[in-house]
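Notes follow the structure.
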Protein chains: 2
Amino acid sequence: MMNVLIVEDEKQIANSLKKSFESEGYDCEVCYDGERALDVISSQYFDVFLLDWRIPKVSGIEVCKRVRESNNQTPIILLTALSDVKNKIEAFNYGADDYITKPFSFEEVLARINAVVRRYKTSVSTIEFDNLSLNLIKHTLQNSEVEVKLPEMEFELLRYFLEHRASIISREKLCDDVWKLPYTPTTNVVDVTVKHLRYKLEELSEKKYIKTVYGEGYIFITE
Amino acid sequence: MMNVLIVEDEKQIANSLKKSFESEGYDCEVCYDGERALDVISSQYFDVFLLDWRIPKVSGIEVCKRVRESNNQTPIILLTALSDVKNKIEAFNYGADDYITKPFSFEEVLARINAVVRRYKTSVSTIEFDNLSLNLIKHTLQNSEVEVKLPEMEFELLRYFLEHRASIISREKLCDDVWKLPYTPTTNVVDVTVKHLRYKLEELSEKKYIKTVYGEGYIFITE
DNA sequence: AACAATTGTGAAAAATTTTTCATTATTAAT
DNA sequence: ATTAATAATGAAAAATTTTTCACAATTGTT
């Protein structure tokens, strides 16, 4: 089910939105200012943020900007009473995904939210972790300075680790799921590839992400 | 560089858009009706379609619908003089990506186009052509029955061809753009890779997609 | 038809990636 | 501390991919 964060200080609008969303079966949370919003955002998962432009303390566009700076790509829709073009351009430049001018109908909000979320869900093209990023299209691993290309198997292994963070994974499972080998524990490909991958990871960050759990397998820890 | 298709029967608007785009360095093509648009779309690559709602023969929304039915996910922005909400919802339901109400400024068009294309480029995970599909994540080429893995360079080459369908591409350009070689016409890597790729393509479909243009280069034709 | 230019091909060389193997290092348990 | 099990490592073998090369085939032009 979908989780919406509404950030809007006009309580009438906020409450009416909340009710409408809930009648559609969406979960939603309301904040009345930008500061509170940033707080909530940093500690909770949402599928989309609905931000009013003019809100107390930290403006909607500023929230938008900070969210993107923290590498959070959750879709953002801005609400505003201003309809002049300059603002729209500013909004897109700060990484907003859509823009709705007041007054709006709830149906329009719903349509735009669905469009934006559907798009986002099928769009994740990088996996971010710590201060690194794995590009799923280019098969590269990058920090803010360097970008290295990972060979096939190292890429697949890292992707698997990232999608199974913080749980112990046995070599057999890796053989199965990553290598798709017909059950062969007489090989140490996994060990060797882990070694290669560790080496590449250490080139970009000193941290040790892949921990060995003696007798059990590996575990990928982000922090 | 970006390729825009403008479908708009009001020639004044169409031409003004075309000029503005060209001064931004975008390539663009204009059609004055929906029928022609569908024709052009099926034989040429564009990064985005800018469709007026009310155009002769086949309406903008109908073009939108048919484009999506043919499995083409190119971003679509609809232009319209009508501002009522029902149409917006209809537009999104038919798979439009954005919606601009007339009158608009060129800057707004530009901002929305860039937003939509940026989103799309990072979101697309397959390129469909004919009855084949290139999976950009798995680097596989598939028809309804078989799936083959393409090695790196064959994959990159095919992707490049698909993004530049129906135009002649010289070997030098391919060396530059796909191989990123520092200008070397003393090699025939391109020829050889084309050969490999042709072989794989023929495994999945009898058609000959990559045509040679004697003395000029190659051209990828979808139909 | 003869030609020069251009393109296609098979095979092998070169480069890269993947896997194996023998050995060393580390771990947990006695 | 010793030991047996498990993991890490360096180096090389095997497999795959990329690139080169020499030659054959095709094309457009005369």
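The values are calculated or read from the model by the stated rules, or taken from the named source; none is laboratory data. If you're wondering where the values come from, they're calculated on a predicted model, not measured in any experiment. All Cβ positions, glycine included, derive from the backbone under ideal geometry; neighbour counts span all protein chains shown. Surface areas here come from the heavy atoms of the whole protein model, side chains and all, with no ligands, DNA or RNA. Shrake-Rupley method; radii C 1.70, N 1.55, O 1.52, S 1.80 Å.
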Relative contact order as a percentage, chain A, C-alpha pairs under 8 Å and 6+ apart, gives 12 percent
Given charges of +1 on the Cβ of Lys and Arg and -1 on the Cβ of Asp and Glu, with all other atoms neutral, how large is the dipole of the protein assembly as shown about its Cα centre, in debye to the nearest 20? 240 debye
Please compute the average number of Cβ atoms from other chains found within 10 Å of each residue's Cβ in peptide A:93-104. 2
Go ahead and set up a Gaussian network model of chain A, Cα springs under 10 Å, then flag whichever of A:Tyr99, A:Tyr120, A:Tyr199 fluctuates most. A:Tyr199
Where does helix A:34-43 land angle-wise versus the long Cα axis of chain A, in degrees 0 to 90, nearest 10? 30 degrees
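Compute the length gained on full extension between B:Thr140 and B:Ser70: take 0.36 nm times their separation in residues and subtract their Cα-Cα distance, giving the result in nm to one decimal.
Computed gain between B:Thr140 and B:Ser70 is 23.1 nm.
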In nm, the gap between the two label points placed 7 Å beyond Cα toward Cβ at B:Asp27 and A:Ile221 is 5.2 nm
Which three extents, in angstrom, do the Cα atoms of the protein assembly as shown have along their principal axes, listed largest first? 66, 60, 40
Loss of accessible area when B meets A, both sides summed, Å² nearest 100, probe 1.4 Å: 2200 Å²
Per residue, what volume in Å³ does the Cα convex hull of the range A:3-121 take up? 93 Å³
Computed over the Cα atoms of chain B, what is the convex hull's projected area averaged over all directions, in nm²? 13.3 nm²
Among B:Leu50, B:Ser23, B:Tyr120, which residue has its Cα positioned farthest towards the positive end of the charge dipole of the range B:3-121, with +1 placed on the Cβ of Lys and Arg, -1 on the Cβ of Asp and Glu, and the dipole taken about the Cα centre? B:Tyr120
Taking Cα atoms, how many degrees apart are the long axis of helix A:152-163 and the longest axis of chain A, rounded to 10 and kept between 0 and 90? 50 degrees
Can you list the distances in nanometres, one decimal and ascending, from the B:Glu206 label point to the identical position in each other copy, with the point 7 Å along Cα to Cβ? 6.5
Quick one: accessible area per residue over the protein assembly as shown, 1.4 Å probe, rounded to a whole number of Å²? 50 Å²
Keeping the other protein chains in place, figure out the carbon and sulfur percent of the accessible area of chain B, with a 1.4 Å probe. 49 percent
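Return the FRET efficiency for the residue pair B:Lys211, A:Lys11: r is the Cβ-Cβ distance, R0 is 56 Å, and the value is rounded to the nearest 0.05.
Between B:Lys211 and A:Lys11 the formula returns 0.30.
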Sort the range A:101-196 into rounded, prolate or oblate with this rule: let a ≥ b ≥ c be the square roots of the eigenvalues of the Cα gyration tensor; rounded if a/c is under 1.5, and if a/c is not under 1.5, prolate when a/b is larger than b/c, oblate otherwise. prolate
